[in-house]
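To keep things clear, I will list the structure first and then write my remarks on it.
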Amino acid sequence: MLPSIPGTLEDWNIQVIDDLLPILSIESETFDFKGHDFSKRSDELYCDLCAMANTSGGYIVLGVDEVKASDGKIIRFIKRGFERGEEEKINQTIANNMYSVDPTPNIGQPWMVYEEDKKYFYPVIRVNSVDRWKPYFTKTRCQCYVRVGNTSKPAGRTIVLNLLSDFEERKMSIIRLRLATNLVKESLMFTSSELESVHPSGITKITPVDLNIFRESISSAEWLLSDHNQMGGHINNKFDSYQSGIYYNLRKLESLNLYIYAYNNETREDRKSQIKQYLCDKQFWCPNRQGSNDMLSFLDGISNIANEFLSK
C-alpha cells in the first residue's frame, strides 16, 4: 500500500516524509516539496502559496530539495532540512512570503517535523483555498499563479476572468443574503407588533413573516454560512443533540407562520385567544420577549457576517 498525504497537520511526522521521498510523482496540485533555499527568484515560496490558494489548497513541505535531470525530470528528493534553533527565522521567512500575496492567504502556523535526533526539522505548511478571496496575486510581480499538475504557473487571462467571475457570483449571493435577512428582520418586528396589539374578538389578521426570499438566499450562500459555523443541525446523527443555526431558526419562523395562519383562519374567539397567548407567553414572539429578541439577534449576526465579507 502506497503512502498517502496526511489529512491534518498533526498527522505529519518524519516517518511520513521519509515514506513520501521515494515517490517521484508525489508532487501534485495539492502537494509540493520545497528546497531549503526558497529565496531564489526561480523558486520563491510566495508563488506556490499564491498558486495553491487560487486552486485547491494543499500542503508544502520545506527543506526537501529536488534533484533534476537535464530534461527537467525529477531524479530524486533529498532531505536537507533546517538546523534546530532556526525555527523563529524560518517562521519569519514564511510570514514574509505569505504577506507577499494579496490578499493574504489563509495559512496556519507551520507544523515543525523533527528528525529523530532533533538536529534538523522540516516545516509543513497547510494552504487553505478560500473561494471568496480569489483571485490571489503576488505583490512584487503583480501576477496570478495557479497549480497545474506539480508546478505553479502564471495564470492566463481566461483563468483570471473565471476566478473573478466566481467571486462576483458569490458576492451577489451575499448581497442577496444581506437584503433578505434585513427584510425578514423588519417583517418579524412588524408581525410581532401586530401579534401583541391584535384582539381576538376583532376581524384583524396578523401578517405572516415573509420568508420566500430568505429561503432562496440561504441556499446560494451556504458556503459562507458554513465557513462561519452558522448551518447548525443534528450532531453525529443524534436526535437529542442539536446545534442552533440558520435552518433551525428558519424552521422556528416557519412554525410561527403556521400558528399565524391558524389564528387568521380561526373563527372562535376563545381559540384565537389561546393561539395568541401561546405565541406571546410560551413562544415569546411578542415585542421585547426572549423569542423575538433571540431571533433578531441571530438575524443581526447573519447580516454582520454578510457585511464583513462585502467590506473586504
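The values are calculated or read from the model by the stated rules, or taken from the named source; none is laboratory data. Note that the coordinates shown come from a computational prediction; the quantities given were computed from them, not determined experimentally. Don't worry about glycine lacking a Cβ; one is built from the backbone with ideal geometry, like all the others, and counts go over all protein chains shown.
Conditions tested, residue by residue: (1) acidic (Asp, Glu); (2) surrounded by fewer than 17 Cβ atoms within 10 Å (Cβ to Cβ).
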{"site": "Tyr261", "(1), (2)": "no, yes"}
{"site": "Asp270", "(1), (2)": "yes, yes"}
{"site": "Ile275", "(1), (2)": "no, no"}
{"site": "Leu279", "(1), (2)": "no, no"}
{"site": "Ser292", "(1), (2)": "no, no"}
One residue from Arg178, Arg141 being within 24 Å of the chain's Cα centre (by Cα), basic (Lys, Arg) and surrounded by 13 or more Cβ atoms within 10 Å (Cβ to Cβ): Arg178
Tabulated pairs, segment 283-312, first at positive phi and modelled with pLDDT under 95, second surrounded by 14 or more Cβ atoms within 10 Å (Cβ to Cβ) and of a type outside the set (Gly, Ala, Ser), C-beta under 9 angstrom, 6+ apart or interchain: Phe284/Asp294
Sole exception among (1) more than 18 Å from the chain's Cα centre (by Cα); (2) closer than 22 Å to Phe33 by Cα; (3) exposed (fewer than 13 other Cβ atoms within 10 Å of the Cβ) for Thr158, by number: (2)
Members of segment 115-129 that are within 22 Å of Glu27 (Cα to Cα) and loosely packed, with under 15 Cβ neighbours inside 10 Å: Asn128
Of all residues making up segment 261-306, the number that are under 30 Å from Glu222 (Cα atoms), polar (S, T, N, Q) and either outside any helix (DSSP H, G or I) or in the same structural domain as Lys134 (by TED's automatic domain parsing) (or both): 2
Residue list for segment 49-82, filter: among the acidic types (Asp, Glu) and either modelled with pLDDT of 95 or more or outside the structural domain of Asn13 (by TED's automatic domain parsing) (or both): none
Residues of segment 1-33 that turn out to be in contact with an Asp or Glu (Cβ under 7 Å, 6 or more places away or on another chain) and either modelled with pLDDT under 95 or crowded, with 18+ Cβ neighbours inside 10 Å (or both), as a count: 3
Arg178 being out of contact with any Asp or Glu (no Cβ under 8 Å at 6 or more places or on another chain) and at pLDDT 85 or above: yes
Matching option when the condition is modelled with pLDDT of 90 or more, among the acidic types (Asp, Glu) and closer than 27 Å to Glu169 by Cβ, among Asp102, Asp131: Asp102
Spans of strands (runs of 3 or more DSSP E) in segment 29-147 with at least 1 residues small (Gly, Ala, Ser): 58-62
